[in-house]
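Trainee: Would you mind keeping the following structure in view while I ask a few things?
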Amino acid sequence: MKKLVTSVLCGLVTLNVLAQTVPGRPKLVVGIVVDQMRTDYIEYLQSYFGERGFRKLMKDGVYMRDVDFKVSDLDAAGATAMLYTGAYPSQTGVPSSLVYDSETKKLTPALADSKTLGNFTNDSYSPERLRLSTISDELAIDGGGLSQIYAFSPDPQQAMIMAGHAGTGALWINNTSGNWATTTWYKPMPAQVSSRNYSFSLANRIDTMQWRPSVSLDRMPGIPKQKTIPFKHTFPKSDKNVFIRFAGTPLANREVTDVAIECLKGLNMGTVGSGIDMLNLGYTVAPYKYGKDGDYRAELTDSYIRLDKELGRLFEAIDKYVGAGNTMVWLSSTGYYDDAVIDDRKYRIPGGEFSMKRAQSLINSYLSARHGNAGYVEAFKDGHIYLDHKIIEDKNLDLNEVVADARAFLTKMSGVADAYTLNDILSPSTPFEERLRLGVDPKRGGDIIVTFNPGWTVVDDLEYPAISKPVRETAVLTPAFIMAPAVEPQVISTPVDATVLAPTVAGILRIRSPNGALAKPLLLKK
């Protein structure tokens, strides 16, 4: 009997110890997506960072040095959808920021929705076309709809993806007025933000703002002597694209941090109720392509140094208003890097111009010669060729035969690296075709997907004004961090699939993974 009592007492003591050592769930989770962030820049600029930004993440968090998104032609919207759903672009409904609309035969925003109304904007968006649940959605469900879930980003679609279907609010910087804007899909705009629009509007400040180097350029690593002359970017109101240019600068990152801190404090996020609140932020360190000479190394370096300061300000506010012990932070790059510029011809880099208008005309002429006169190409958009299925059906032609003929003709064109049919991609036989499969939405993809040779410039002269896009393949290491009280600091140098992040974050929060996330969470030291 004594042995039984002793065993029971020992068991109770063990359970009590375990209960004391298992940490509770955080009160606030902060999700941060930084467009085009690179691992190498973070590592070689460490000596220029403060103690509370990137260094804090590297010292106190899980540092993943190589997050692999495994797909081609990413952009901020497509990558953010991957991060928040744990699924590839072929499944999310947001393969990229622009998708083909078969009714208008134009590229339209992936989350455009005429059924909703804008607040401080004429644009209409909603997350309805985002096909899967997100971390934010699962957190809202876990909290019975009582959690505060906000997202702030210069880009409307990124903000909407981060807030999810069930979030409280998604807010972005309107690119025509500079106001913070939202949509009627979500709850009314917080008073802190609407008040800022009236009393401290970006439109009233924009032409007084300048972007200059925050440190002396001759101290910066990797910047040649000819680039050490301090740059200066201004934002005149007379420029109709002034807010678009502003959104690509560190000054926009500062604006996002300012609004986030105001709401963190004013809405008492992470300090009331029993649920977990969520604050989502979109930043950028993308190459600034509005400079005069096309060399943006100085601006890029300064962007990282300034972002480090913004992270420091954000983390200091979190410590003050919520407490680091009550907060989980996860931060990820968007997994791609677009540094393509049109090189001066004096360098004699092999290449040329690929005219989409000319290509479409030649394909139509070729197919007409083989199958009878008709306009077979419905549209040529973003490397995707859409054939007119109705014309092909009316002429009693075999669609697969017409597609094969068009593909064979395309591959012989100068500047074309290769062309793939949608069937090729859906049944991949090579690693590159698998990358395409993961990145192409079969419901919105073209009949033929064209890839181009690096060094060439693809000119979309089917639109006015024509848009030129230089082709360059740039593979870089892109990082992610997770910092939570329950997780030990560690460095992971082996590749980590980007789709693992969502279930890993969900596991730490002890909520369900998003409904389309198939990957298992990372096994982290705790």
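Trainee: Using helices alone, what [θ] at 222 nm do you get for the chain, with -39,500 (n - 2.57) per DSSP H run of 4 or more residues, divided over all residues and rounded to the nearest 500?
Mentor: Using -39500 (n - 2.57) per qualifying helix, the result is -10000 deg cm²/dmol.
Trainee: Report the extension gain between K187 and N400 in nm, rounded to one decimal, defined as 0.36 nm multiplied by the number of residues separating them, less their alpha carbon distance.
Mentor: Additional length available on full extension: 71.9 nm.
Trainee: For the chain, calculate the relative contact order in percent as a whole number, restricting contacts to Cα pairs under 8 Å that are 6 or more residues apart.
Mentor: The value is 26 percent.
Trainee: Something else now. May I ask which residue of V256, F246, S102 lies farthest towards the positive end of the charge dipole of the chain, with charges of +1 (Lys, Arg) and -1 (Asp, Glu) on Cβ and the Cα centre as origin?
Mentor: V256
Trainee: Accessible area per residue, 1.4 Å probe, Å², for the chain: what's the number?
Mentor: Accessible surface, normalised per residue, equals 46 Å².
Trainee: Out of G375, G455, T430, whose Cα points farthest toward the positive end of the dipole of the stretch 361-475 (charges: +1 Lys, Arg; -1 Asp, Glu; placed on Cβ)?
Mentor: Sorting the options by dipole projection puts first G455.
Trainee: A follow-up question, please. With θ taken as phi - 60° and the coefficients 6.51, -1.76 and 1.60, list the Karplus ³J(HN,Hα) couplings across the stretch 197-210 in order, rounded to whole Hz; mark glycine and proline as x.
Mentor: After applying 6.51 cos²θ - 1.76 cosθ + 1.60, I find 4, 8, 9, 9, 5, 5, 4, 6, 10, 4, 7, 9, 8, 9 Hz.
Trainee: Here's a follow-up. Can you compute the charge dipole magnitude of the chain about its Cα centre, using +1 on each Lys and Arg Cβ and -1 on each Asp and Glu Cβ, nothing else charged? Give it in debye, rounded to the nearest 20.
Mentor: Details: 58 positive and 58 negative charges, 313 e Å.
In total the dipole reaches around 1500 debye.
Trainee: In nanometres, what is the gap between the two model label sites at L518 and T411, each 7 Å from Cα along Cα-to-Cβ?
Mentor: If labels sit at L518 and T411, their model points lie 2.8 nm apart.
Trainee: Something else now. Rounded to a whole number, what % of the accessible area of the chain do carbon and sulfur atoms account for, probe 1.4 Å?
Mentor: 52
Trainee: Provide the percentage of antiparallel DSSP beta bridges, counting only those with both residues in the chain; round to the nearest 5.
Mentor: Antiparallel: roughly 50 percent of the beta bridges in the chain.
Trainee: Can you tell me the length gained on complete extension of the stretch D68 to I141, counting 0.36 nm per residue apart and subtracting the Cα distance?
Mentor: Answer, rounded to one decimal: 23.4 nm.
Trainee: Label point 7 Å out from V491 along Cα-to-Cβ: which residues of the stretch 29-43 have amide N under 16 Å?
Mentor: 39-43
Trainee: What FRET efficiency comes out for L362 versus I342 if R0 is 22 angstrom and r is the Cβ-Cβ distance? Round to the nearest 0.05.
Mentor: 0.40
Trainee: With a sphere of radius 11 Å drawn around the Cβ of E378, what net charge do the other residues whose Cβ falls strictly inside it have (Lys, Arg +1; Asp, Glu -1)?
Mentor: Computed value for this residue: +1.
Trainee: Which longest uninterrupted range of the chain lacks any GluC sites (Glu not before Pro) assigned by DSSP to a loop state (not H, G, I, E or B) and surrounded by at most 11 other Cβ atoms within 10 Å?
Mentor: Maximal segment without exposed cleavage sites: 104-472.
Trainee: Once you have the Cα-Cα distance between E393 and K292, take 0.36 nm times their residue separation minus that, and quote the gain in nm to one decimal. Mind showing how you got there, number by number?
Mentor: Values: separation 101, 0.36 × 101 = 36.36 nm, distance 5.03 nm.
Between E393 and K292, full extension yields 31.3 nm more.
Trainee: Could you pull out every one of the lysines with an alpha carbon less than 16 Å from that of K265, ignoring same-chain neighbours closer than 8 positions?
Mentor: Answer for K265, where 16 Å is the Cα cut-off: K27, K320, listed by chain and number.
Trainee: Let me ask something else. What net charge is computed for the residues neighbouring T499, neighbours being all others with C-beta under 11 Å from the C-beta of T499, Lys and Arg scored +1, Asp and Glu -1?
Mentor: It works out to a net charge of 0.
Trainee: Further question on the same structure: What residues have an amide H closer than 5 Å to that of F354, excluding those fewer than 5 places away on the same chain, when H is modeled at 1.01 Å from N in the peptide plane?
Mentor: Amide H neighbours of F354, under 5 Å, 5+ apart: T457, V458, V459.
Trainee: How far apart, in nm, are the 7 Å Cα→Cβ label points at R370 and A475?
Mentor: 3.3
The values are calculated or read from the model by the stated rules, or taken from the named source; none is laboratory data. Just so it is clear, the model here is predicted, and its values are computed rather than measured. All Cβ positions, even for glycine, are placed from backbone atoms using ideal geometry, and neighbour counts span all protein chains on display. Accessible surface areas use protein heavy atoms only, side chains included; no ligands, DNA or RNA. Shrake-Rupley method; radii C 1.70, N 1.55, O 1.52, S 1.80 Å.
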